[in-house]
């Protein structure tokens, strides 16, 4: 059976993985057992994808990223260089907790910046934007911009990755796409 994806000769892909057409897996990346990776993904150098992780279509994983068991990334997610997910809230070397892995869902189109950490058990909303170096310790709403340690919301982002400025009419326009957004009850949606 011919692969419809590219894997660099130094990449390691364990048994039982499903990898979509057009996906590229680069130098020294390890895809562990039973992972599902969608179409047209790009996994950079030195990436670790632990067992049973699910990546949707068009997910971009930059160099040195660790994606641990319990993580699900929907389509069009961007994971910045050296960002990390966790899967146990109270790890101890001498205590085995493999049956206690917590889930983390990263919504469609979300961006997680370089060197950010996402503490397990927290969901990242659709088109949310996690700033570089942020430490996410709670759920992040759709379209939210969060920065810092611990991460705090400082605004809202468009689907094109621009900060939204809402007028008195509760409408914001993305400067690039010209798409309009509205805010009500501290929730943003595209019009």
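The values are calculated or read from the model by the stated rules, or taken from the named source; none is laboratory data. Everything quoted here is computed from the prediction, not taken from an experiment. Positions of Cβ are generated from backbone atoms using ideal geometry, with glycine treated the same way; all protein chains shown enter the neighbour counts.
Remarks
- Flag if residue 170 is closer than 27 Å to residue 40 by Cα and in contact with a strand residue (DSSP E or B) (Cβ under 9 Å, 6 or more places away or on another chain): no
- Tally, over region 162-185, of residues that are within 18 Å of residue 80 (Cβ to Cβ) and loosely packed, with under 15 Cβ neighbours inside 10 Å: 1
- Flag if residue 104 is at pLDDT below 95, closer than 30 Å to residue 163 by Cβ and more than 9 Å from the chain's Cα centre (by Cα): no
- For region 141-151, the criterion of a residue being surrounded by fewer than 17 Cβ atoms within 10 Å (Cβ to Cβ), at negative phi and in the same structural domain as residue 72 (by TED's automatic domain parsing) is satisfied by at least one position.
- Options 67, 31: the member that is in the same structural domain as residue 11 (by TED's automatic domain parsing) and under 10 Å from the mean Cα position of the chain (by Cα): 67
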